[in-house]
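Okay, structure first, notes after.
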Amino acid sequence: MSDTENLTELSFTVSGRISKPIAETYEAVADPAQLSRYFTTGGARGRLEAGGEVSWDFADFPGRFPVTVVEAVAPERIVIEWEGENTTAESGTTTTTFEFASIDDGTRTLVTITERSWRPTADGAKAAFGNCEGWTGMLAALKAWVEYGIDLREGFYR
């Protein structure tokens, strides 16, 4: 039996270190005004708070995406669900978990993003790889924004 016969879902994890304290880094993700400055190029509406529903818009994928906040424990964790393609969930959503860990005596934050779950198919892999690329870009943009006030995505998609 091959490994792919036992594979029931696709997921990924990306992480990066931000040279700001955990509370400041968490806030840059939870606050729609800040998120709109470096990630959601079409804007974010609603704060990432437990039970809340927000929407994100991206210049590279026009149209508002509804985002449901499943859990928010400041400044350590945010869990969201949002629409995906070729997902294993009957609702057609994926689950994305942001974890924030204080490192280097509180001067830096390790941000880890895990998203799941797509079908273990070629189309599922394509959707997962696309989102992995997006979250990796988000981490780079987050770093540039909170450390230097630079919007890496400005003019990138339009």
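Per DSSP H run of n ≥ 4, the term is -39500 (n - 2.57); total these for the chain, divide by its residue number, and report the mean residue ellipticity at 222 nm rounded to 500 deg cm²/dmol. The partial results should precede the final answer.
Working: 4 runs with 47 residues, N = 158.
Computed ellipticity for the chain at 222 nm equals -9000 deg cm²/dmol.
Across the range 50-63, coupling constants 3J(HN,Hα) worked out from phi with the 6.51/-1.76/1.60 Karplus curve, θ = phi - 60°, read 3, x, x, 10, 10, 9, 10, 10, 10, 4, 7, 9, x, x Hz, and Gly and Pro carry x. Only Lys, Arg, Asp and Glu carry charge here, each on its Cβ (+1 for the first two, -1 for the last two); on that basis the chain has a dipole of about 400 debye about its Cα centre. Averaged over residues, the count of other Cβ atoms within 10 Å places the peptides 58-68, 78-88 in the sequence 78-88, 58-68, highest first.
Rule-based calculations on the coordinates, nothing more; no lab input. Computed from a predicted structure; not experimentally measured. In this analysis, Cβ positions are derived from the backbone assuming ideal geometry, glycine residues included, and neighbour counts consider all displayed protein chains.
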